[in-house]
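What follows is a structure written as C-alpha cells; I'll ask about it next.
The values are calculated or read from the model by the stated rules, or taken from the named source; none is laboratory data. Keep in mind that what you see is a predicted model, and the values were worked out from it rather than measured. Cβ placement follows ideal geometry from the backbone for every residue including glycine, while neighbour counts extend to all protein chains displayed.
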C-alpha cells in the first residue's frame, strides 16, 4: 500500500475508534493492531504507554475522586476512555514508525520543505542537548548548585539557537543553489 | 496545553477539522512568495524551538498539560499566517512522533494555540509596542498562552454535555466547564509569566543576531 493509502487507512481507523463505545470492541481492535504491528509491537506499545501514562493517570484519578464524591462512578467509563486513548495513540505511533509522515501528507512542496528542515533542526537539537548534558555531568562530580544549572541552561539555549540557525542556513543555501527557491 | 487523543467527541473534532482546513488554506495562500533562503532557516529554527518547548509538559488536573508554546515568537517574527502553519506542523509532529496531543485533537489544538495564540500575540504587540516594546512582547506572550488555555478548557468542558450515555455517563472527557476552566486556566496564568519572560529573553537575543525583522 502507498504512503497515502496508509494515511487514509490510519485516519479511517481513528474515526472508527471514536465512534465505538464498547470496551470489548476497542480491546479487540487493540489486540488486532498489536498483532498486525509485527516485531515492533512491544517497542511501540512501551512508547505509547510512556506517552499517555501521566495524562491518563491524572484524568482517571481526577474522575474517580469527582465521580465518587458525586455518587456516579462508572468503572466502564474508565475502561472505555483508557482503552480508546491507548488504541488511538498506538495507531499513531505505528503509523509514524511505518510511514514517512511528511511524504504521506505531501500537501504542499513548500510545507514539505519547511517540515523536512524542521525535522533536521530537531535532530540537531537532540544531538546538542545530549552533548551539553554529558559535558555538564562530566564537569560536576557532585550535584550542581541551582545557579550552575541556570548558567548551564542559558549557555545551552544560546548554543542551541546559534548552531541550529547555522545548520538551517547552510541547508537553505544548499537548497537555493539547487533552485529550491526559484519561482 | 495539548488536549490528548481520545478525549474529544467526533461531534467536536470533525467540525473543528472543517474550520481548521479553511484556516490552513488561508494561511498557506501565497506561502511560496513569503519564504526565501533567509526566512526558511529562521522559521525552521523557531519551529524546532517551539517543538522542544512544547515537549516539556506537566499534566494539569483539568485533563490537559502545562507547557510553554513559543507561538508568540513565531507570530512576532513571521506574522500570524506563517506562525499558525508552523505551529500546526509542530503539533502534528508531536502527536505522531511522541503521542503528545493527538490526531483527533489536532484541529482544536492548532486553532487554539496556533491561530488564537498567534493572533493574540500579534494584536497585543501591535497595540502596545508604541508604549514599550519589551512590555508589549511580554503581554503578547502571556496572552498567547492564556487565551488558548481558556479555549482548550471550554472545549474540554463541553464534552460531557455533548457526548454521553443515556444514563449521563460521559463517553469522552468526563469533567464539565466548572472544573476544566479553573483547572486549566489557573496554572496557565503562571505558565504565561514564564512564557513572557522567556519570549523577551529570546526576542532580545534574536534581535541582537538580526533574526527578527
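Looking only at the range B:23-41, which residues are closer than 11 Å to residue A:172 by Cα and within 7 Å of chain A (Cβ to nearest Cβ)?
B:35, B:36, B:37, B:40, B:41
Across the range A:101-140, what is the total count of residues that are outside any helix (DSSP H, G or I) and away from chain B (no Cβ under 11 Å)?
Number of matching residues: 2.
Is it fair to say residue B:164 is in contact with a strand residue (DSSP E or B) (Cβ under 9 Å, 6 or more places away or on another chain) and surrounded by fewer than 19 Cβ atoms within 10 Å (Cβ to Cβ)?
Taking the combined requirement at face value, the residue satisfies it.
Report those helices (runs of 4 or more DSSP H) wholly inside the range B:56-126 carrying at least 1 residues which are modelled with pLDDT under 90.
B:71-78, B:80-98
Can you tell me which residue within the range A:57-85, out of those that are in contact (Cβ under 8 Å) with a residue 24 or more places away in the chain and more than 8 Å from chain B (Cβ to nearest Cβ), is farthest from residue A:14 (Cα to Cα)?
In this case the residue turns out to be A:79.
Is one or more of the residues making up the range B:4-14 more than 7 Å from chain A (Cβ to nearest Cβ), modelled with pLDDT under 90, assigned to a helix (DSSP H, G or I) and surrounded by 24 or more Cβ atoms within 10 Å (Cβ to Cβ)?
no
Please give the number of the condition residue A:45 fails out of (1) at pLDDT 90 or above; (2) more than 10 Å from chain B (Cβ to nearest Cβ); (3) under 30 Å from residue B:82 (Cβ atoms).
(3)
How many residues are assigned to a helix (DSSP H, G or I), touching a residue at least 40 places away in the same chain (Cβ under 8 Å) and either farther than 21 Å from residue B:4 by Cβ or over 21 Å from the mean Cα position of the chain (by Cα) (or both) if we restrict to the range A:8-35?
Result for the range A:8-35: 4.
What number of residues within the range B:87-103 satisfy the criterion of being in contact (Cβ under 8 Å) with a residue 40 or more places away in the chain and within 7 Å of chain A (Cβ to nearest Cβ)?
Final tally of qualifying residues: 7.
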